[in-house]
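Please read the structure below before turning to the comments.
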Amino acid sequence: NVTVSYNYIFAEGNDYYGLSVWKPMTNLRIHNNTVRRDGDKPSVNWNGRPAGEMKNNIFHTWANKASLTPDADKNLWLSRSLEAEVFVAPAKGDFHLKSTSPAKNAGLNLGYSSDLDGTTVPQEGTPDIGCHEYRPQKEAD
C-alpha cells in the first residue's frame, strides 16, 4: 500500500513532472496534494491510469483542459491563469485556499484529521481539495 497525501509539490523546469507513475500500481492512494509545474503543462504523468485512487488533488494541466469545476474524483485541474481564483496569493508563493476558492468544502471525506500545516480537517464540515484546509486567519496574513 502506498499513500501520497497532503503534499505541496512544485516541478521546476520544462522537463519534469511533479508526480509520475510509470507502471501500474495496485493500492496506490494519491489524496489531497497540490502539484504545480512551470507553465501550463501537466504536473502529473500517468503511464495509463494507475490502479488505486486519485482524489481531492489540485493539479496543473494544459490551459485548454483546465477548469474551476472539480472532476468526479474531486480533483481540480488548473492552468496558471486560474490560480488566482483558487489560492490566496499565488504570485507571492502562497497556495493556501482563499475564501471563494472552488476547492473550499468541495472534497471527499477520506478519513484524514490534519492537513500539510497541521490544521484540523475538516474545518467547516466538508474537507477541502488540495494540501491546505481553508482557514480565515491564513487569508488575512
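The values are calculated or read from the model by the stated rules, or taken from the named source; none is laboratory data. From a predicted model like this one, the values you see are computed outputs, not experimental measurements. Using ideal geometry, Cβ is built from the backbone for each residue, glycine included, and neighbour counts are taken over all protein chains shown. Protein only, heavy atoms only, side chains kept; ligands, DNA and RNA dropped before computing areas. Shrake-Rupley method; radii C 1.70, N 1.55, O 1.52, S 1.80 Å.
For the chain, what percent of Cα pairs sit more than 18 Å apart? List each step's numbers first, then the result.
Details: 5069 of 9870 pairs.
Percentage above 18 Å: 51.
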Checking the table Lys23/Lys98; Lys65/Lys98; Lys23/Lys92 against a 28 Å threshold on Cα-Cα, which pairs fail?
Lys23/Lys98; Lys23/Lys92
Which chymotrypsin sites (Phe, Trp or Tyr not before Pro) in segment 59-141 pass both tests, a DSSP loop state and at most 13 other beta-carbon atoms within 10 Å?
Trp62
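Taking the DSSP beta bridges in the chain as the whole, what percent of them are antiparallel, to the nearest 5? Before the final figure, lay out each step's value.
On the way: 4 of 24 bridges.
Beta bridges within the chain, antiparallel portion: roughly 15 percent.
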Scan around Met54 for amide H atoms under 5 Å from its own, H built in the peptide plane at 1.01 Å from N, and keep only partners 5 or more places away or cross-chain.
Ile30
Quantify, in whole percent, the carbon and sulfur part of the accessible surface of the chain (1.4 Å probe; protein heavy atoms only).
47 percent
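Taking 2.2 N^0.38 Å as the expected size of a compact globular protein, what ratio does the Cα radius of gyration of segment 96-141 give against it, to two decimals? Numbers along the way, then the final one.
On the way: Rg = 9.5 Å, N = 46, 2.2 N^0.38 = 9.4 Å.
In units of the globular-protein estimate, segment 96-141 measures up at 1.00.
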Mind putting a number on the dipole of segment 50-141 about its Cα centre? Charges go on the C-beta only, +1 for Lys and Arg and -1 for Asp and Glu, and I need it in Debye to the nearest 20.
200 debye
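Within segment 33-126, list the GluC sites (Glu not before Pro) lying in a DSSP loop whose Cβ has at most 13 other Cβ atoms in a 10 Å radius. If you can, show how the numbers build up before the last one.
On the way: sites: Glu53, Glu83, Glu85, Glu124; in loops: Glu124.
When the GluC sites (Glu not before Pro) of segment 33-126 are filtered for loop state and at most 13 Cβ neighbours within 10 Å, Glu124 remain.
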